[in-house]
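Structure record follows, encoded as structure tokens.
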Amino acid sequence: MVELVQGDILLTLLAIILIELVLGVDNLIILFGVLRKKNPKRRFLIVTVGFAFSIILRALVLGTALVILSSTLFLFEVQWPWFSIEVGTRGLIYFIAGVYLIFHGLSEIRNHFGEEEIVESDEVVLVNMSWPAMILWVAIIDLVFSYDSLLGVIAVSQDWYLLVIGLVISRVIMVFFLSKIYRFIHHHPELMVVMFIFLVMVGLSLFLDGLEDMEAGLFGLNFRGFPVSWLYSIFAIGIVYSWWHTRVKKRRKEASS
């Protein structure tokens with residue numbers, strides 16, 4: 001598991017915010033699309049208050065998850081000549097979450113190169129719903145469709161206070177700078193690929209941590225997670241590549257025009 005150590009706080013917080021932004025901005029765009037016939041000020045208020053309740057719900061979910069992961073319950077043991085494992089609840093949760101994030105990240109990368117666009121809903125719901133019902137609907141939708149980001153941020157840090165701070169900052173950024181974030185993402189598609197590659201690596205980290213927690217061994221070799229510096233190094237290299245690739249494309253476009 002990626003441990004929070006002195007000197008890594010800002011970097012870890014940045015990783016939490018970026019994961020929340022990349023995996024949560026689509027939800028916000030869809031919510032604004034569904035509420036597009038509402039008065040802009042009312043729509044902004046509904047989403048803002050809904051997100052405030054969502055932060056509370058997500059903080060409770062994160063706290064519950066961290067409590068569950070603080071201990072483990074032994075389930076069963078497998079002993080074969082070439083493979084052994086002591087399956088426990090914590091390691092199993094890490095393992096399943098890691099597999100999910102790996103496949104989810106790879107699927108998002110495939111969709112990105114397939115040029116699938118975000119499709120806004122053509123339906124207008126919530127029109128006849130009361131204000132409390134609309135706010136609750138936004139909060140629940142944001143929570144339900146953000147399980148991937150919850151898994152991602154738990155993999156990055158298990159400091160509940162830091163996770164909540166990152167959650168609040170990301171939601172404030174999304175609400176106030178949605179249009180700019182959306183334009184930036186579409187103008188820098190390589191950054192999206194970098195973020196999803198980072199998500200795959202986070203999933204791989206969880207996957208290996210799960211095997212390590214369950215003391216899994218293959219042909220006498222035990223599985224071990226990789227250091228936190230590997231994740232941040234991969235992320236930094238990806239950001240540099242995204243910046244370089246964008247500049248190269250811009251120069252080629254200027255040269256051809």
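A few points about this structure:
- Search result, residues across segment 71-91 that are in a helix (DSSP H, G or I) and touching a Gly at 6+ places or on another chain (Cβ under 7 Å): Gly91
- Residue within segment 236-245 that is assigned to a helix (DSSP H, G or I), modelled with pLDDT of 85 or more and out of contact with any strand residue (DSSP E or B) (no Cβ under 6 Å at 6 or more places or on another chain) present: no
- Criterion: more than 28 Å from Leu62 (Cβ to Cβ), in contact with a helix residue (DSSP H, G or I) (Cβ under 6 Å, 6 or more places away or on another chain) and either surrounded by 11 or more Cβ atoms within 10 Å (Cβ to Cβ) or at pLDDT 70 or above (or both) - qualifying residue of Glu120, Glu108: Glu120
- When the criteria are applied in full, Ala139 meets the requirement of being at pLDDT 75 or above, surrounded by 18 or more Cβ atoms within 10 Å (Cβ to Cβ) and either farther than 23 Å from Gly105 by Cβ or aromatic (Phe, Trp, Tyr) (or both).
- Being under 20 Å from the mean Cα position of the chain (by Cα) and either at pLDDT 85 or above or of a type in the set (Lys, Arg) (or both) is not true of Val156.
- Within segment 40-85, considering residues that are free of Cβ contacts under 8 Å to residues at least 40 places away in the same chain and touching a Leu at 6+ places or on another chain (Cβ under 9 Å), the one nearest to Ser170 (Cα to Cα): Arg43
- Contacts under 9 angstrom Cβ, first residue in segment 146-162 being free of Cβ contacts under 8 Å to residues at least 60 places away in the same chain, partner among the β-branched types (Val, Ile, Thr) and crowded, with 24+ Cβ neighbours inside 10 Å, 6 or more apart: Leu151/Val202
- Test result for Leu191, of a type outside the set (D, E, K, R), modelled with pLDDT of 75 or more and in a helix (DSSP H, G or I): no
- Selection status of Leu35, at pLDDT 80 or above, surrounded by 16 or more Cβ atoms within 10 Å (Cβ to Cβ) and either on the phi > 0 side of the Ramachandran plot or hydrophobic (A, V, I, L, M, F, W, C) (or both): no
- Residue match in segment 59-70 (condition: assigned to a helix (DSSP H, G or I) and at pLDDT below 85): no
- Residue tally, condition exposed (fewer than 12 other Cβ atoms within 10 Å of the Cβ) and either under 17 Å from Trp243 (Cα atoms) or at pLDDT 70 or above (or both), over segment 168-183: 2
- Looking at Ile55, Ile19, just one residue is surrounded by 20 or more Cβ atoms within 10 Å (Cβ to Cβ), β-branched (Val, Ile, Thr) and either within 18 Å of Leu162 (Cβ to Cβ) or modelled with pLDDT of 85 or more (or both), and that residue is Ile19.
The values are calculated or read from the model by the stated rules, or taken from the named source; none is laboratory data. Keep in mind the model is a prediction, meaning the values are calculated, not measured. Ideal geometry is used to build each Cβ from the backbone, glycine not excepted, and the neighbour counts take in all protein chains shown.
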